[in-house]
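Scroll down for the structure; my scribbles are underneath it.
Only the coordinates and a few stated rules stand behind these numbers; no lab work does. Note that the structure is predicted; figures quoted are calculated from it, not measured. No Cβ is skipped: glycine too gets one built from the backbone with ideal geometry, and neighbour counts run over all protein chains shown.
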Amino acid sequence: MVTMLVVTMVVFALSRIQGDPRGVLLPEDATLKQYEDFGKELGLDRPVFVQYVIYISRLAKGDLGKSILQRKSVAEILRLRIPNSAQLAASAFIFSLLVGIPLGVMAALKHGTGWDYGARLFAMVGQAMPVFWIALMLIFVFGVALGWVPTSRKVDWTSYILPTVTLGWFAAAGQLRLIRSSLLEVLQAEYVRLARAKGVSGVLVVWKHALRNALIAPLTFAGLTLAGLISGSIVVETVFAWPGLGSLAFQAVSNSDYPILQGVILLITFFYVLANLLVDILYLFLDPRIKV
Amino acid sequence: MSITTQAAIDARRVRRGIQRRLISMRRWPISSFVVIGAIILAAVFAPWVTSHDPIAGNLADRQIPPLLFGGSSAHVLGTDNLGRDILSRIAYGARISVLVATITLGVGGALGSLIGLISGYAGGWVDELIMRMVDIKFSLPLILIALALAVILGPSLPLLLGLLAFLIWGSFARQARAQTMLLKEMDYVKLAKVAGASPVRVVGRHILPGVMNTILVVATMQVGSVILAEASLSFLGAGVPPPTPSWGSMVAEGRLYINTAWWVSLVPGLVIGLLVASTTLLGDWLRDRLDPRLRQAVADSQR
């Protein structure tokens, strides 16, 4: 709650230090009358604090204002973009789990072998290489040189492949490292050694005894990545010309369309807060020791 | 002192000794030192790395591939679309990266650590308030806000430094606070208080030295995030303004020519990755050596 309030202030302040939007939007030969009327329409004639209060009360009703350039309501523009971003974030998230968890488990079980080093190299590349660089190299190799997949915009399902891998790799890398280290730790725990000593089969020990406890730390991370994926998508969406929130924000910044930018920042923060809340709730189910 | 406690202390001492020897057995991250050293040297001695000008190119030498891919030894890493030597731009770009990393970590790290020390030592509502601020900081979409600010105010080096310092202070504050809270309960700190030392003296003389290791580890681990954030902002056009060479903007410039001149983007990206990987490895090693407790905490604060 407090976070959201602070964000509204930051967002509001950002829009004000930008200066008068009328200079950008009105034609150079606009009369003073036009200038003032337009200012009234945007609410610029009142004190800053009043503008903020008006802004907040509108926000509470779900009114995000109007885009300056497109003259459409921001809420509507955002609504059109959300599904695209959500789909991309979801597929990247699933990718990170499908790749990160098995590789992490494998690296922990085959600790010290070539498999382990391979998995860690994969993680290292994902975390150390800039996202936009990975995007460009994937475009070059699979789009340009091999010509297997489309490299920009959303055409059909194949358009998902490159953005998903790009966005998911970073998250998968973190997931892998975390699973690996926490599983290694859990495998040393006494109850796991006891289970083994009792003669429980290897697979069962890993799945039932070890992995369940090893999943707690990565779960927090998953919540964070989910939110990180949404904000990390700015670069990826820009590179792939993906019609989502990230590229919308980038365009809004270059067009100085601040109502849209405000909307995107608010929305992303909201998702972030929500994701953290979900993680806290999930925590309760996985680890009964945690009490509210 | 009874015999049992003495035995327990001895046992603990032996265990600690073994642990310490195990940790020191981990090899020194020599490759990290080599990469980081080479990049710092390249930054310092940039004019001597090549004789080519990093900003003024020769249009006749456009898009020459690197030496191993059919290029010439005049331009070992090839040239970009304006005929500028990539090796030379990498070396000058290293200056920006090293400068940005040093200043942001210095300013952001010092401020964040100070805030953490105050928060941890004061406790109570001060602590509550500060930690709430840190939480909020972590849930702001900072790259977006940074991008907006850079475009509104115009991209510049001081703005970039300020933004990046703001990006990292939270991790320092969290870790410094946690360590301070541990040390605060130590007998020697309590004794210092009883002896009448002022809070400033207690924190400065008795707690800070114990927190330094933690700060150093966090700083090393944050180098990567700073470099990557700088590169991302430069890539989006919100970093160091052109024509100053920065690795992130070099990748961005190559984007348009990815079909014909892939090396323009490939090379600076590889350098970024090498530097980030090296500092991360160095950070892991330092952490295991100096402050193993951070293992979990740093993972939590990264995203």
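General observations
- Every residue from segment B:247-268 that is within 17 Å of B:Val151 (Cβ to Cβ) and polar (S, T, N, Q): B:Ser249
- Segment A:141-152, subset of a type in the set (Gly, Ala, Ser) and part of a helix (DSSP H, G or I), residue farthest from A:Trp242 (Cα to Cα): A:Ala145
- Checking A:Ala145, A:Ala189, A:Ala135 one by one, the residue that is within 11 Å of chain B (Cβ to nearest Cβ) and touching a residue at least 24 places away in the same chain (Cβ under 8 Å) is A:Ala135 and no other.
- Here B:Ile103 meets the list (1) within 13 Å of chain A (Cβ to nearest Cβ); (2) closer than 27 Å to B:Ser265 by Cα; (3) not aromatic (Phe, Trp, Tyr) almost entirely, failing just condition (1).
- Counted residues, segment A:109-132 - those being assigned to a loop (DSSP other than H, G, I, E, B), buried (at least 17 other Cβ atoms within 10 Å of the Cβ) and away from chain B (no Cβ under 12 Å): 0
- Number of residues in segment A:239-251 that are touching a residue at least 40 places away in the same chain (Cβ under 8 Å) and more than 17 Å from A:Ala90 (Cβ to Cβ): the value is 3.
- When residues of segment B:242-262 are limited to those that are at the interface with chain A (Cβ under 10 Å from one of its Cβ atoms) and touching a residue at least 12 places away in the same chain (Cβ under 8 Å), the one nearest to B:Arg84 (Cα to Cα): B:Gly254
- Counting only helices (runs of 4 or more DSSP H) that sit completely within segment B:139-216, those holding 2 or more residues that are more than 14 Å from chain A (Cβ to nearest Cβ) correspond to B:157-184, B:187-194.
- Failed item in (1) surrounded by fewer than 20 Cβ atoms within 10 Å (Cβ to Cβ); (2) not in a loop (DSSP other than H, G, I, E, B), with A:Leu138 passing the rest: (1)
- B:Gly239 meets the conditions (1) surrounded by 21 or more Cβ atoms within 10 Å (Cβ to Cβ); (2) in contact (Cβ under 8 Å) with a residue 40 or more places away in the chain; (3) in a helix (DSSP H, G or I) in every case but one. The failed one is (3).
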